[in-house]
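Everything on this sheet refers to the single structure shown next.
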There are 2 protein chains.
Amino acid sequence: MSKNKRTAIEPTRMENYAEWYQQVIKAADLAETSEVRGCMVIKPWGYAIWENIQRVLDGMFRETGHRNAYFPVFIPKSYFEKEAEHVEGFAKECAVVTHSKLEDDGKGGLKAAGELTEPYIIRPTSETIIGASFARWVNSYRDLPLLINQWANIVRWEMRTRLFLRTTEFLWQEGHTVHESYEEAMEETQRMLTVYARFAEDYLAIPVIKGEKTEGEKFPGAVNTYCIEAMMQDKKALQSGTSHFLGQNFAKASNIRFQNRNGEVEYAWTTSWGVSTRLIGALIMAHSDDNGLVLPPRIAPAHVALIPIYKNEEERDQILAFTHRIQDLLKNTMFDDIKVYCELDDRDLTSSERNWYWIKKGIPLRVEIGPRDVEQNSVMIARRDLEPRDKQSVQFDALPGYVLKALADLQSNIYTKALEFRNGNMIKIDDQSEFYRYFTPQNKNQPEIHGGFARSHWCGDVSCEERIKDDLKVTVRCIPFDAVEEKGSCICCGKTSVRRVIFAKSY
Amino acid sequence: MSKNKRTAIEPTRMENYAEWYQQVIKAADLAETSEVRGCMVIKPWGYAIWENIQRVLDGMFRETGHRNAYFPVFIPKSYFEKEAEHVEGFAKECAVVTHSKLEDDGKGGLKAAGELTEPYIIRPTSETIIGASFARWVNSYRDLPLLINQWANIVRWEMRTRLFLRTTEFLWQEGHTVHESYEEAMEETQRMLTVYARFAEDYLAIPVIKGEKTEGEKFPGAVNTYCIEAMMQDKKALQSGTSHFLGQNFAKASNIRFQNRNGEVEYAWTTSWGVSTRLIGALIMAHSDDNGLVLPPRIAPAHVALIPIYKNEEERDQILAFTHRIQDLLKNTMFDDIKVYCELDDRDLTSSERNWYWIKKGIPLRVEIGPRDVEQNSVMIARRDLEPRDKQSVQFDALPGYVLKALADLQSNIYTKALEFRNGNMIKIDDQSEFYRYFTPQNKNQPEIHGGFARSHWCGDVSCEERIKDDLKVTVRCIPFDAVEEKGSCICCGKTSVRRVIFAKSY
């Protein structure tokens, strides 16, 4: 941090939240925009976070009986047209492949040639192309349940893009399953939502609200869409994962039929569910501060930055030797099922520069090793979620235990902080004018700052939902699972309502 | 295997090699063709092999200092045009995105709309799009070497496709590195070829020949292309991995410049290298037999099939209990750094059906557990590379040791077999008519069957290379690194040559 700056990231969250977000990504070197419209480049530190997300989720999918496979990136236009709501939902934002080569345009350049008889869409989601395989794979109830997951790149031609949160191309996983009954498919849909919630809370340290999407917000072609919603530090909601009960809609579109236990042929019941690199956006916005990224240790690419500090060659040898001993000591330390990973930063920079480098990157712990530390057989440790200058002296032998406890404390501390922030910014509102005030920014310079989440009654009518959206850019984020039945009046039209829903502005 | 069949796979390798290959894939349930032109669906058993390939290679790339990142799937046409040889090499077979949405065609269907101002190519390789990022990332020699790898899907519009070997879409990894000097870039190019060779031999159990491609066979835009070449069971060569020294060609095209140690700005030196899902094709064709897939244990998705055999409920309980004890016993057994993975097959099928199911899938070991085995506290074990009926009785306590030795023996046995096959089908030929006879099929019904690899002299002239290709469909696979300098006459024109090269038919 240069001396004339108050914080490592400028502007701060309060000054300009959207710009702060971009600057955190830049300072932590997570990603950059590319010259390709709306597509991002995920840089090594950002991609390592994605790999950790993949590793943990993949294990959870395996435990719940799913297996990975890979399906074509191209979806023939005719497949896409099979499910009416589905195509309606994605047709306006898809990349269309129309040609199979480039040839001389006669002006020294190249032009598209070899026109295809049928255009292909780059997958915006794979229900229809995977459905074509499933129709071949499923014949009898004995083939069910069929539990498949795919890790893949996805393209949706977004107009307004933002790194990680909304990009034309993004990475995700999409689960696709086939079942013999309504009940089993519904159970799977719920199970996977629970997996996502557990992952968000236990690994990303982000508290989430589980619930169901309204008719207007559900996945195109789904019967029901369930979601986990998280609150970001600007009090907006971020949909962090969805699980869809597809009923027999896609089975009918793709002709997935099977002989049931009574010997009759019927359409199967399917589900799909996914999370994406958007989770990295959630991670950044849930925990980071005005000094940069804050990473939950259970998903961080590295846990400890080792920063040796010396003034001359003699000190150098001694201190590096001690630093290597620390590296060896921590090498076999396990934080839950994760190996503690150290980054040794011996670059020719001041200790302050190196400290700030790692603060901005969100490494959980920083360990400084100076001449006095070697003498005392100790080190100075700083934790990313505490003040940058707050350091503890720790004896060499106590290091592994201290590191494990510090990582666990950091993990639970940022979860608690996020939970308290969300709960402190979520209130029940029953009065319409209070509702409008709650969502109206008080400061014209900060048009994004508003109350938070409102738990209010809604009659279930799409016209009320749309009116509130038009007036306030606020939508029903979900009908939460934990909503109790209670009588009330719709916050918009005053008609009877039986439960509260979550209203919020969202990404 | 049904009783009237001689082998589980029909036709056999000798009867129709190409069809045998397809049938092995089908019998092992590795992949299937999709309705999308030339694109395959990689099914769970096939994808699990790919995941193992990824895991091992990824570890090797990390050990050699590389980090993963992700770059856009789209390449703007203008990027593609920057390197003349490069675009020449890929323009004839690329998917071109020209539109960004679908809209009503007025006939009840949809048509491409929202034409792009500049078409995008789906990456057939990523030198140019990654180069654009590298140009931003590299400023000084301090930023070098820059060692990046990407795991991604690739599209090349192939005319004749074949599962795994040549598909329109395939999965691969592509390493891209930037260096400050010719020497360092060349060293990197060679280092990664060595990594590939080590992986092919130590994990896939496929012996390879390391060498350099001729001018006509090198990567479009490269200065030198190095490769590993393997012999399949039809004696054709399969290029199994390539490493390219790109000189300053792509640095100039993408403007990757840096300030060197003398303060001068110069173009950097780059490399790229890749292997793909083609390796699964190599694996199948190198080891499989007329009963199906044979998998090297170090890359197999599972190692042991447990096949309990019982006639009634009472036997069932006893035998399943014993089977679970075996599962527990083997659970913590490590084969090198790989956990031994068991598949318990308790399906309602005969033991013969289950045995043949796993034989066709290539599982290394099959363990049968019957009533007599439980009595004797032992099991019957069969190894995939031996005769299907060749079984050994092994005592319960001796199981872990036996399994480890059997896996190691299988791994080395199939490597030795492949090595002996290749060496037995590779000869020095100095006489032109012998050369032509060697590559001419003796049996018209088996047009693919021929001699194998020929180590012959070649003058280095592209016209000789082309003549042999036209006459025999034989090409120079590589100029092997281990070729000794010796005087000879070109097998085609008789002019002076200084070393032998490898001639072969190839995939």
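The values are calculated or read from the model by the stated rules, or taken from the named source; none is laboratory data. All figures in this text were calculated on a predicted structure; none of them were measured in a lab. Positions of Cβ are backbone-derived with ideal geometry, glycine not excepted, and every protein chain shown enters the neighbour counts.
Scan the stretch A:49-68 and tell me whether some residue there is of a type in the set (G, A, S) and in contact with a Lys or Arg (Cβ under 9 Å, 6 or more places away or on another chain). Working first, answer last.
We begin by selecting, within the stretch A:49-68, every residue of a type in the set (G, A, S); these are A:59, A:65.
After this cut, where a residue has to be in contact with a Lys or Arg (Cβ under 9 Å, 6 or more places away or on another chain) as well, the list is none.
Scanning the stretch A:49-68, I find no residue that is of a type in the set (G, A, S) and in contact with a Lys or Arg (Cβ under 9 Å, 6 or more places away or on another chain), so the answer is no.
Here is a yes/no grid of residues against (1) surrounded by 13 or more Cβ atoms within 10 Å (Cβ to Cβ); (2) farther than 30 Å from B:S489 by Cβ:
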residue	(1), (2)
B:K361	yes, yes
B:L365	yes, yes
B:I369	yes, yes
B:G401	no, yes
B:L407	yes, yes
B:A418	yes, yes
B:I427	yes, no
B:D430	yes, no
B:Y436	yes, no
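Kindly list the number of the only condition in (1) closer than 20 Å to A:E212 by Cα; (2) in contact with a His (Cβ under 9 Å, 6 or more places away or on another chain); (3) free of Cβ contacts under 8 Å to residues at least 40 places away in the same chain that fails for A:D461.
(2)
How about the stretch A:316-401: which strands (runs of 3 or more DSSP E) wholly inside it have at least 2 residues that are at pLDDT 95 or above and either touching an Asp or Glu at 6+ places or on another chain (Cβ under 6 Å) or at positive phi (or both)?
Strands (runs of 3 or more DSSP E) meeting the threshold: A:378-383.
So, in the stretch A:198-237, exactly how many residues are farther than 20 Å from A:R455 by Cα, modelled with pLDDT of 95 or more and not aromatic (F, W, Y)?
9
Within the stretch B:486-497, can one find any residue that is β-branched (V, I, T) and assigned to a strand (DSSP E or B)?
Yes, some residue in the stretch B:486-497 is β-branched (V, I, T) and assigned to a strand (DSSP E or B).
Look at B:T98 and say whether it is of a type in the set (V, I, T) and more than 7 Å from chain A (Cβ to nearest Cβ).
Answer is no for this residue.
Please enumerate the residues belonging to the stretch A:120-132 that are facing chain B (nearest Cβ under 10 Å) and touching a helix residue (DSSP H, G or I) at 6+ places or on another chain (Cβ under 9 Å).
Result: A:Y120, A:I121, A:I129, A:I130, A:A132.
Which of the residues spanning the stretch B:166-183 are among the aromatic types (F, W, Y) and either within 16 Å of the chain's Cα centre (by Cα) or within 10 Å of chain A (Cβ to nearest Cβ) (or both)?
Here is the first cut: in the stretch B:166-183, the residues among the aromatic types (F, W, Y) are B:170, B:172, B:182.
Selection gives B:F170, B:W172.
Exactly one condition in (1) at negative phi; (2) facing another protein chain (nearest Cβ under 9 Å); (3) touching a Lys or Arg at 6+ places or on another chain (Cβ under 9 Å) is false for B:N139; which is it?
(2)
Yes or no: the stretch B:151-164 includes at least one residue that is at pLDDT 95 or above and part of a helix (DSSP H, G or I).
Scanning the stretch B:151-164 turns up no residue that is at pLDDT 95 or above and part of a helix (DSSP H, G or I).
Enumerate the pairs (first residue in the stretch A:71-87 and facing another protein chain (nearest Cβ under 8 Å); second residue anywhere and among the small types (G, A, S)) with beta-carbon separation below 6 Å, excluding pairs fewer than 6 apart on the same chain, so at least 6 apart or on different chains.
If the second residue must be among the small types (G, A, S), the pairs left are A:F71/A:S126; A:P72/B:S34.
Of all residues in the stretch B:258-274 being of a type in the set (F, W, Y) and within 33 Å of the chain's Cα centre (by Cα), which is farthest from B:E127 (Cα to Cα)?
Filtering the stretch B:258-274 for residues that are of a type in the set (F, W, Y) and within 33 Å of the chain's Cα centre (by Cα), the one farthest from B:E127 (Cα to Cα) comes out as B:W269.
Quick check on the stretch B:19-63: of everything there that is among the hydroxyl-bearing types (S, T, Y) and more than 16 Å from B:A282 (Cα to Cα), which residue is farthest from the other protein chains (Cβ to nearest Cβ)?
Filtering the stretch B:19-63 for residues that are among the hydroxyl-bearing types (S, T, Y) and more than 16 Å from B:A282 (Cα to Cα), the one farthest from the other protein chains (Cβ to nearest Cβ) comes out as B:T33.
How many residues, within the stretch A:142-153, are surrounded by fewer than 18 Cβ atoms within 10 Å (Cβ to Cβ) and either away from chain B (no Cβ under 11 Å) or of a type in the set (S, T, Y) (or both)?
Residues that pass the stated criteria total 1.
Scan the stretch A:101-119 for residues that are of a type in the set (K, R) and more than 7 Å from chain B (Cβ to nearest Cβ) and jot them down.
Taking the stretch A:101-119 as the starting set, the residues that turn out to be of a type in the set (K, R) are A:101, A:107, A:111.
Listed by number, the residues that qualify are A:K107, A:K111.
Going through the stretch B:371-399 one residue at a time, which ones are over 27 Å from the mean Cα position of the chain (by Cα), surrounded by 18 or more Cβ atoms within 10 Å (Cβ to Cβ) and among the acidic types (D, E)?
Result: B:D373, single match.
Scan the strands (runs of 3 or more DSSP E) fully inside the stretch B:37-120 and keep the ones with 1 or more residues being over 25 Å from A:E88 (Cα atoms).
Once the strands (runs of 3 or more DSSP E) in the stretch B:37-120 are filtered for at least 1 residues that are over 25 Å from A:E88 (Cα atoms), what remains is B:40-42, B:74-76.
Pull up the stretch B:274-300, narrow it to residues that are assigned to a loop (DSSP other than H, G, I, E, B) and of a type in the set (A, V, I, L, M, F, W, C), then point me to the one that is surrounded by the most Cβ atoms within 10 Å (Cβ to Cβ). Lay out the reasoning, then the answer.
Residues of the stretch B:274-300 assigned to a loop (DSSP other than H, G, I, E, B): B:277, B:288, B:290-291, B:293-300.
Filter once more, keeping what is of a type in the set (A, V, I, L, M, F, W, C): B:293-295, B:299-300.
Details: B:L293: 27, B:V294: 24, B:L295: 29, B:I299: 23, B:A300: 27.
Here the residue is B:L295.
Under the condition of being crowded, with 22+ Cβ neighbours inside 10 Å and closer than 21 Å to B:E83 by Cα, which residue from the stretch B:155-165 is farthest from the other protein chains (Cβ to nearest Cβ)?
By that ranking, first place goes to B:V155.
Looking at B:Y310, is it among the hydroxyl-bearing types (S, T, Y), in contact (Cβ under 8 Å) with a residue 12 or more places away in the chain and in a loop (DSSP other than H, G, I, E, B)?
Spelling it out, B:Y310 is indeed among the hydroxyl-bearing types (S, T, Y), in contact (Cβ under 8 Å) with a residue 12 or more places away in the chain and in a loop (DSSP other than H, G, I, E, B).
For A:A282, indicate whether it is outside the structural domain of A:L386 (by TED's automatic domain parsing), more than 26 Å from A:L407 (Cα to Cα) and among the small types (G, A, S).
no
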